[in-house]
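The values are calculated or read from the model by the stated rules, or taken from the named source; none is laboratory data. Just so you know, these numbers come straight off a predicted model, no measurement behind them. Glycine gets a Cβ as well: all are built from the backbone with ideal geometry, and neighbour counts include every protein chain shown. These area figures cover heavy atoms from the full protein model, side chains too; ligands, DNA and RNA do not enter into them. Shrake-Rupley method; radii C 1.70, N 1.55, O 1.52, S 1.80 Å.
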Amino acid sequence: MTLVAFDFDGTLSDSEMTVLLGEQCGVADQMEEITQRAMNDEIGYAESLRSRCDLLEGLAQDKAEAAFDQVVLREDAAMVIENLNEAGIHTAILTGGFERGVERALEKADVTVDSIVANRLPIEDGELTGEVEGPLIEGTKDDALEDLAGTVGVDMADTIAVGDGANDMPMLEVAGLSVGFDPKPAVEPACDTIVLSMAELHGLLEAEGVL
C-alpha cells in the first residue's frame, strides 16, 4: 500500500480558509499579509496561525459556517482523490487549516479521504473564541505523516506528500516522493518534483505506477 498525503489550502483547494473567515469580520487583508509571511517562511507557522485566529474573536458561528461554505476543491482534485481511493491507496489530508472547511469541501465534491489531520476553532456562546486547537499548530507535518504511516502500516519510503507552503516542508522532506504543487520559492528545494495542476499530478502518479 502507498499513502498519499495532501496539504489542503493552496494545494487541494485554492481557497484560504482564514482569509474567507476574515472576510466575514473585515480583517481579510491583515490575515493575508500574515499568511504570506508564513508561507514564505518569514515567521513561524504556529505564530502566524494564532495571530490570524486571534483576529476572528467574536465572529458569529453562522458567519463562520458561511465562510466554510465557500471552501471548494480545485479543478480535478476530486478526480485525483477518487482514482487513488479506487486504486486502494490510503488518502490523507494534513492541514493547518480547519476540519470543518475540509469536510464541507469534500462533501460538496462528493468525495472522501481516509484520514484528515486538521485544526479546530472553538466556539463559545455562538461565537469564535479567537483560540485555535489541534495537532498541527505546534505539531509539524513530518510527525503527522510518520504517525499516520505507522498507523496504517506503510513504510515512509512508500509515502507521497503533496504541498506548496513552508509548513509543508517537514513532510516533503521525509516523504518517499515529495511533490510541490506550484510551490513557494522557499519550498522548491524540498521537492523531488513540481506540478502546476491536479491533472499534471494525476499524470505523475500514473507515471510513478501509483495509479
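Structure values in brief
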| item | result |
| --- | --- |
| Odd one out for Ala46 among (1) closer than 20 Å to Lys184 by Cα; (2) open to solvent by 50 Å² or more (accessible area, probe 1.4 Å) | (2) |
| Residue satisfying condition, being in contact with a Ser or Thr (Cβ under 8 Å, 6 or more places away or on another chain), open to solvent by 20 Å² or more (accessible area, probe 1.4 Å) and of a type outside the set (A, V, I, L, M, F, W, C), within set Asp76, Asp110 | Asp76 |
| Residue count, segment 79-110 (criterion: in a helix (DSSP H, G or I) and farther than 23 Å from Cys25 by Cβ) | 12 |
| One residue from Ile93, Ile123 being β-branched (Val, Ile, Thr) and farther than 19 Å from Asp142 by Cα | Ile123 |
| Odd one out for Arg52 among (1) modelled with pLDDT of 95 or more; (2) surrounded by 15 or more Cβ atoms within 10 Å (Cβ to Cβ); (3) among the charged types (D, E, K, R) | (1) |
| Members of segment 156-211 found to be within 21 Å of Asp76 (Cα to Cα), part of a loop (DSSP other than H, G, I, E, B), of a type outside the set (A, V, I, L, M, F, W, C) and in contact with a Leu (Cβ under 6 Å, 6 or more places away or on another chain), listed by number | Asp182 |
| Test: Asn83 is touching a residue at least 60 places away in the same chain (Cβ under 8 Å), polar (S, T, N, Q) and not assigned by the TED database to the domain that holds Val102 | no |
| Whichever residue in segment 44-78 is among the small types (Gly, Ala, Ser), in a helix (DSSP H, G or I) and free of Cβ contacts under 8 Å to residues at least 40 places away in the same chain and, among such residues, is farthest from Phe181 (Cα to Cα) | Ser51 |
| Positions within segment 118-154 being touching a strand residue (DSSP E or B) at 6+ places or on another chain (Cβ under 7 Å), open to solvent by 40 Å² or more (accessible area, probe 1.4 Å) and not in a strand (DSSP E or B), in sequence order | Pro135, Val152 |
| Options Ala64, Ala60, Ala28, Ala5: the member that is among the hydrophobic types (A, V, I, L, M, F, W, C) and surrounded by fewer than 16 Cβ atoms within 10 Å (Cβ to Cβ) | Ala60 |
